[in-house]
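Colleague: Take a look at the following structure, please.
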Amino acid sequence: MRKILIVGNWKMHLNASQASLLVHRLQERIKIYRDIEVVLAPSMLTLQPLSLQIDRRKFRLAAQNAYFRDEGPFTGEVSFNMLRDIVHYVIIGHSERRQLFHDNLATVRDKMAAAVRNEIVPILCVGETQQEREDKETKQVLHDQLMTALSNLTAAEVADVVIAYEPIWAIGQVTAKPGQVAEAVTYVRGYVRDVFGEKVAKNIRILYGGDVAPEVVHGLLDVPGVDGFLVGHGSLNYETFAAIVEATHRWQRNNNGEMAPVKGE
Ligand code: PGA
């Protein structure tokens, strides 16, 4: 069974003392749930001190980005190799990186391989723009992003990857409707099934991201194949983030700890 995963992406917010305070508050607030994994993705600067502060039974850390070469003359960059003992996960291909920092399909592919090579689990973000949705190109966009990102990985490696469906029009704006999420998540898992096989498709975790708030958690978890969330601004407020975790726990309890079955299972 796939364990539910909730990732808080703090983006470029919080200095070291603010980040430490937020972790302190989250640690007070969030309980340990055996079936829910909670991950925090603070800025690069605060990863190291937070790695000493966090209660590892409650949280794991993720980097928001890294460079695909292990070392060398790359001014300003941090490698996956440098992060390997600090983080468990890394977010790769977030739309802000694709759009603002020109991470293209090939860069994302190389970062995926570098993460896996350094034993860091990639959280691959995929998703379409508003225009692409209107032009009915969503599946094509997802196809191209998945095809390149996963192209240098073996089936066994892909089985451990996390994929976050994050429609760009939803981020910081509006939660996608369960039907829209269902369609995209089904497509993503179907792609993985076609290319890497049934076992990998059953194992891989697929998250939804885009304006996730406590009120929408149940509706989204009801979508077959949604295994958790990538939360942006909602993760900066400890009450909101804790409420998202609590709502997830309540949903799990109501569903006897069973994930909604994935089509074909
Ligand atoms: P949001 O961001 O929750 O603020 O919409 C999600 C993300 O960008 O990962």
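The values are calculated or read from the model by the stated rules, or taken from the named source; none is laboratory data. Predicted model, so just to flag it, every value in this text is computed and none were measured. Here the Cβ positions follow ideal geometry from the backbone for every residue, glycine too, while neighbour counts run over all protein chains shown.
Colleague: Grab the helices (runs of 4 or more DSSP H) fully contained in the range 49-146, keeping just those with 3 or more residues being surrounded by 15 or more Cβ atoms within 10 Å (Cβ to Cβ) and within 16 Å of the ligand (Cβ to nearest atom).
Modeller: 95-100
Colleague: What number of residues within the range 189-217 satisfy the criterion of being within 16 Å of the ligand (Cβ to nearest atom) and assigned to a helix (DSSP H, G or I)?
Modeller: Counting residues in the range 189-217 that are within 16 Å of the ligand (Cβ to nearest atom) and assigned to a helix (DSSP H, G or I) gives 4.
Colleague: Assuming Pro224 fulfils every condition listed in (1) surrounded by fewer than 19 Cβ atoms within 10 Å (Cβ to Cβ); (2) part of a loop (DSSP other than H, G, I, E, B); (3) within 16 Å of the ligand (Cβ to nearest atom); (4) at pLDDT 95 or above apart from one, which condition is it?
Modeller: Every listed condition holds for Pro224 apart from (3).
Colleague: Checking the conditions here, which among Arg29, Arg69, Arg98 is among the charged types (D, E, K, R), closer than 19 Å to Leu230 by Cβ and at pLDDT 95 or above?
Modeller: Arg98
Colleague: Let me ask something else. Mind listing whichever residues of the range 223-256 are more than 24 Å from Val188 (Cα to Cα) and of a type in the set (Gly, Ala, Ser)?
Modeller: Those that are more than 24 Å from Val188 (Cα to Cα) and of a type in the set (Gly, Ala, Ser): Gly234, Ser235, Ala242, Ala243, Ala247.
Colleague: Gly8 fails exactly one of the following numbered conditions: (1) more than 25 Å from Leu221 (Cβ to Cβ); (2) touching a residue at least 12 places away in the same chain (Cβ under 8 Å); (3) of a type in the set (Gly, Ala, Ser). What is the number of that condition?
Modeller: Checking Gly8 against (1) more than 25 Å from Leu221 (Cβ to Cβ); (2) touching a residue at least 12 places away in the same chain (Cβ under 8 Å); (3) of a type in the set (Gly, Ala, Ser), the one that fails is (1).
Colleague: What's the number of the condition Arg2 fails, among (1) under 18 Å from Val87 (Cβ atoms); (2) part of a loop (DSSP other than H, G, I, E, B); (3) in contact with an Asp or Glu (Cβ under 7 Å, 6 or more places away or on another chain)?
Modeller: (1) is the only condition that Arg2 fails.
Colleague: Next up: With respect to Ala16, is the statement that it is surrounded by 21 or more Cβ atoms within 10 Å (Cβ to Cβ) and in contact (Cβ under 8 Å) with a residue 24 or more places away in the chain true?
Modeller: no
Colleague: Turning to a different aspect of this structure: So if I check each of Ala164, Ala184, Ala201, Ala213, which one is at pLDDT 95 or above, of a type in the set (Gly, Ala, Ser) and surrounded by fewer than 21 Cβ atoms within 10 Å (Cβ to Cβ)?
Modeller: It is Ala213.
Colleague: Being within 15 Å of the ligand (Cβ to nearest atom) and either outside any loop (DSSP other than H, G, I, E, B) or farther than 16 Å from Trp10 by Cα (or both) is the filter here, so list the residues in the range 227-237 that pass it.
Modeller: Residues satisfying the conditions are Gly228, Phe229, Leu230, Val231, His233, Gly234, Ser235.
Colleague: On the given criteria, is Val7 assigned to a strand (DSSP E or B), under 22 Å from Asp160 (Cα atoms) and more than 14 Å from the ligand (Cβ to nearest atom)?
Modeller: It is false that Val7 is assigned to a strand (DSSP E or B), under 22 Å from Asp160 (Cα atoms) and more than 14 Å from the ligand (Cβ to nearest atom).
Colleague: Identify, from the list Gln252, Gln173, the residue that is within 15 Å of the ligand (Cβ to nearest atom) and polar (S, T, N, Q).
Modeller: Gln173
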